[in-house]
Amino acid sequence: MPTYREKDTIAAMIDRILSANPAVDILVVDDSSPDGTGEIVDAIALTEPRVHILHRTEKNGLGTAYVAGFGWALEQGYDYIIEMDADGSHQPEELPRLLKLLDNGANLGIGARWIPGGKTENWPWYRKLISRSGTTYARIMLSSKLHDITSGYRGFTADTLRSLDLSRLDSAGYCFQIELAWLVERSGGVVREFPITFVERLEGQSKMTSGIVVEALAKVTSWGVASRLGRIPKSQALAAPRDSTR
Ligand SMILES: Nc1nc2c(ncn2[C@@H]2O[C@H](COP(=O)(O)OP(=O)(O)O)[C@@H](O)[C@H]2O)c(=O)[nH]1
Ligand SMILES: [Mg+2]
């Protein structure tokens, strides 16, 4: 869980995740939040062995926070690695459905808002517009089959992340989600979406900026053009998915 200034929600999120999913461990990647988010997690980690924290020295964007977190999780030897926002938008109670997709052979499972059964609560119209048009643009430019490619509620098998060259990712902000999902898709990975209810945060503020939207638009456009010109290097095929009969 990446955090930047999430002091009002982080403790409750950790509590909800562990109550709904006692077998998971949590890693918070905090970018030295000035509001003390990191210290709140430090205090929880003292008495809760399932909670861990990685402190980074400055706010370096969602993408690099996740790459740091993935590196930690792979080193520790976890089987599945999940992404989730810390502001209450992603429901921990929906996590078992994501874990099931991974159990059933998906390389990547994505919690999708824009498929039947998926929805958003209290999300302003302009955020819906950005999200839906972002996915549509990625479907056109990148020939993606996904319906919610920017969703940050997702999970990978460790083998999947291990097979990918994460050092090749060059997105700092939220378009990291697009870049990584597209990398899994074009590496021949099995990507499955499941419907989620995305609930807009009640506390704190969004870290979404116009710069983040511009980065995504520029990168998706350049990746799309480069791939049409054959300038995107071929991806290595992913390890075969796990036994899908489980
Ligand atoms: N570590 C870290 N976390 C971030 C950064 N930017 C956003 N986040 C976290 O990423 C998650 C999603 O961010 P949020 O502001 O809620 O985005 P929104 O839901 O799209 O409005 C939250 O848990 C944020 O605290 C960053 O630069 N570094
Ligand atoms: Mg949010």
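The values are calculated or read from the model by the stated rules, or taken from the named source; none is laboratory data. Note that the structure is a prediction, hence the values are computed from the model and not measured. Note that we place each Cβ from the backbone using ideal geometry, even for glycine, and neighbour counts take in every protein chain shown. Ligands, DNA and RNA are stripped out before the accessible areas are found, and what is left, the full protein with its side chains, is counted by its heavy atoms. Shrake-Rupley method; radii C 1.70, N 1.55, O 1.52, S 1.80 Å.
Out of all the residues in the range 69-80, is one or more open to solvent by 60 Å² or more (accessible area, probe 1.4 Å) and over 30 Å from residue 168 (Cβ atoms)? So that I can check it myself, show each step before the final result.
Restricting attention to the range 69-80, the residues satisfying the condition of being open to solvent by 60 Å² or more (accessible area, probe 1.4 Å) are 75-76, 78-79.
Restricting the remaining residues to those that are over 30 Å from residue 168 (Cβ atoms) gives none.
No; the residues of the range 69-80 include none that is open to solvent by 60 Å² or more (accessible area, probe 1.4 Å) and over 30 Å from residue 168 (Cβ atoms).
Of the set (1) in contact (Cβ under 8 Å) with a residue 12 or more places away in the chain; (2) surrounded by 14 or more Cβ atoms within 10 Å (Cβ to Cβ), all apply to residue 117 but (2).
Screening residue 132 with (1) surrounded by 21 or more Cβ atoms within 10 Å (Cβ to Cβ); (2) more than 16 Å from ligand 2 (Cβ to nearest atom); (3) more than 12 Å from the chain's Cα centre (by Cα) gives one miss only, at (1). Flag: residue 157 does not match the condition of being hydroxyl-bearing (Ser, Thr, Tyr) and open to solvent by 50 Å² or more (accessible area, probe 1.4 Å). Taking the range 88-169 as the region of interest, the strands (runs of 3 or more DSSP E) fully inside it that hold 2 or more residues being in contact with a Leu (Cβ under 7 Å, 6 or more places away or on another chain) are 108-112, 154-157. Is it the case that some residue within the range 44-63 is more than 30 Å from residue 119 (Cβ to Cβ), open to solvent by 20 Å² or more (accessible area, probe 1.4 Å), out of contact with any helix residue (DSSP H, G or I) (no Cβ under 8 Å at 6 or more places or on another chain) and at pLDDT below 95? Yes: one or more hits.
One residue stands out in the range 179-210 among those that are assigned to a helix (DSSP H, G or I) and either open to solvent by 10 Å² or more (accessible area, probe 1.4 Å) or more than 21 Å from residue 89 (Cβ to Cβ) (or both): the one that is farthest from ligand 1 (Cβ to nearest atom), namely 186.
On inspection, residue 152 qualifies as closer than 23 Å to residue 80 by Cα, open to solvent by less than 60 Å² (accessible area, probe 1.4 Å) and either of a type in the set (Phe, Trp, Tyr) or within 16 Å of ligand 1 (Cβ to nearest atom) (or both).
Output the residues belonging to the range 1-43 that are under 17 Å from residue 88 (Cα atoms), among the acidic types (Asp, Glu), open to solvent by 10 Å² or more (accessible area, probe 1.4 Å) and more than 15 Å from ligand 2 (Cβ to nearest atom). Across the range 1-43, the qualifying residue is only 15.
Select from the range 211-221 the residues that are more than 16 Å from ligand 1 (Cβ to nearest atom) and either open to solvent by less than 30 Å² (accessible area, probe 1.4 Å) or assigned to a strand (DSSP E or B) (or both) and list them in ascending order.
The answer is 220, and nothing else.
When the range 1-54 is filtered for residues that are within 12 Å of ligand 1 (Cβ to nearest atom), part of a loop (DSSP other than H, G, I, E, B) and of a type outside the set (Lys, Arg), the ones remaining, listed by number, are 1, 4, 6, 8, 9, 31, 32, 33, 35. Among residues belonging to the range 63-93 that are within 16 Å of ligand 2 (Cβ to nearest atom) and hydroxyl-bearing (Ser, Thr, Tyr), point out the one that is farthest from residue 120 (Cα to Cα). Applying the filter and picking the extreme gives 66.
Would you check which residues across the range 97-123 are more than 12 Å from ligand 1 (Cβ to nearest atom) and either over 15 Å from residue 192 (Cβ atoms) or in contact with a helix residue (DSSP H, G or I) (Cβ under 8 Å, 6 or more places away or on another chain) (or both) and list them? Give the steps one after another, and end with the answer.
Restricting attention to the range 97-123, the residues satisfying the condition of being more than 12 Å from ligand 1 (Cβ to nearest atom) are 97-112, 114-119, 121.
Listed by number, the residues that qualify are 107, 108, 109, 110, 111, 114, 119, 121.
Return a yes/no flag: does the range 98-112 have any residue that is open to solvent by 20 Å² or more (accessible area, probe 1.4 Å), closer than 28 Å to residue 7 by Cβ, touching a residue at least 60 places away in the same chain (Cβ under 8 Å) and over 15 Å from the mean Cα position of the chain (by Cα). Walk me through how you get there before you give the answer.
Going through the range 98-112, the residues open to solvent by 20 Å² or more (accessible area, probe 1.4 Å) turn out to be 99-101, 103-104.
Now restrict to residues that are closer than 28 Å to residue 7 by Cβ: none.
Looking for residues that are open to solvent by 20 Å² or more (accessible area, probe 1.4 Å), closer than 28 Å to residue 7 by Cβ, touching a residue at least 60 places away in the same chain (Cβ under 8 Å) and over 15 Å from the mean Cα position of the chain (by Cα), one finds none in the range 98-112, hence no.
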